[in-house]
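Enquirer: Got a structure for you, written out below as structure tokens; questions coming shortly.
What follows draws every value from the coordinates through simple rules; no lab data is involved. This structure is a prediction, so every number in the text was calculated from the model and none was measured. Cβ coordinates were reconstructed from backbone atoms using ideal geometry, including for glycine residues, and neighbour counts include every protein chain displayed.
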Amino acid sequence: MSIQESLTLAYFERLVSSPEGRAHVLATCADAEASDEGALFDRLLTWVDDPELAKLVKVHQQDELRHAEMFLACLARTGVPAPTVPEHLKLLKRIDDLLGGMMEKPMTSREDVMRAYLLLQVIEERASTQFGLHVRAYRKVDPKTAEVVERIAKDEARHLKYCRAISRRYAPDEDTLRRELGRLREVEGRAFAANSRANMDYVRERGFVKFGPLEGLFWRGVREITGRVQSSVPTPYWNEPAAA
């Protein structure tokens, strides 16, 4: 495990140790699963010309909605009313803003389909990476939620296969596929870094995560240092080829 992952796990364990912290994280996950991706799937279905691939798109869409319900069921067990996720803490919104509103633009070419599914791929790569850490943290305080997230993570691994198959089919060539995937990974990495810092500030201000004086000083230092030196947070998938 890298230093980045170790720090993330340590912080996340502390955050989900409180019912309020768990409710915040689960609400954020549910919102992400049922967010703007839905409209993107609808537009994709108007362009995908292979019945088998269209079936994969529909399954992917239905899975995301089912995941949102699973996260909300876990949230209900915390006993905390479902919180509203602030707009500035929505990772997909940050990504879309950096891309100039790509998720709302109409699709006019096969390359647009490739680009849309590459965007879904980098979102799934982040989810797969984060959910592995979530499972480890939840096991200590909420084993039932850990089991649910583990099931969702298995679905996300399957979704990555969909993303690779569909983006490759609609790519004009391998170079374009590789170049666009690299660009979207970098954009998502920048959005994730900024969103993580904003999230740390939000949960600390609201008391969802509590530290003693020395711990608080340490985590404030981590937040400041990462803000200065880490403009983008890669996932392990960045070292993989465009379409395995």
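Enquirer: Relative contact order for the chain: what is it in percent, counting Cα pairs under 8 Å that are at least 6 residues apart?
Expert: 24 percent
Enquirer: Quickly work out the Glu205-to-Thr46 label distance, labels modelled 7 Å from Cα along the C-beta direction, and quote it in nm with one decimal.
Expert: 3.8 nm
Enquirer: Just to verify a number: FRET efficiency for Asp173 and Gln62, C-beta to C-beta distance, R0 = 35 Å, to 0.05?
Expert: 0.65
Enquirer: Lysines within cross-link reach of Lys210: Cα-Cα under 29 Å, excluding same-chain residues under 8 positions apart?
Expert: Cα-Cα hits under 29 Å: Lys90, Lys93, Lys140, Lys144.
Enquirer: If you line up the long axis of helix 213-229 against the longest principal axis of the chain, both from Cα atoms, how many degrees apart are they, to the nearest 10?
Expert: 30 degrees
Enquirer: For the chain, find the longest principal axis of its Cα atoms and tell me its angle to the long axis of helix 143-170, 0 to 90°, nearest 10.
Expert: 30 degrees
Enquirer: Calculate, in nm to one decimal, what Lys154 and Ala82 gain on full extension: separation in residues at 0.36 nm each, minus their alpha carbon distance.
Expert: 23.4 nm
Enquirer: I'd like the distance between the alpha-carbon centres of the stretch 1-25 and the stretch 145-173, rounded to an integer number of Å.
Expert: Spelled out, the Cα-based centre of one part sits 24 Å from the other.
Enquirer: How large is the translational diffusion coefficient of the chain in µm² per second when you combine the Kirkwood radius over alpha carbon pairs with Stokes-Einstein at 37 °C and 0.692 mPa s?
Expert: 176 µm²/s
Enquirer: Per residue of the chain, what 222 nm ellipticity follows from adding -39500 (n - 2.57) for every DSSP H run with n ≥ 4, rounded to the nearest 500?
Expert: -25500 deg cm²/dmol
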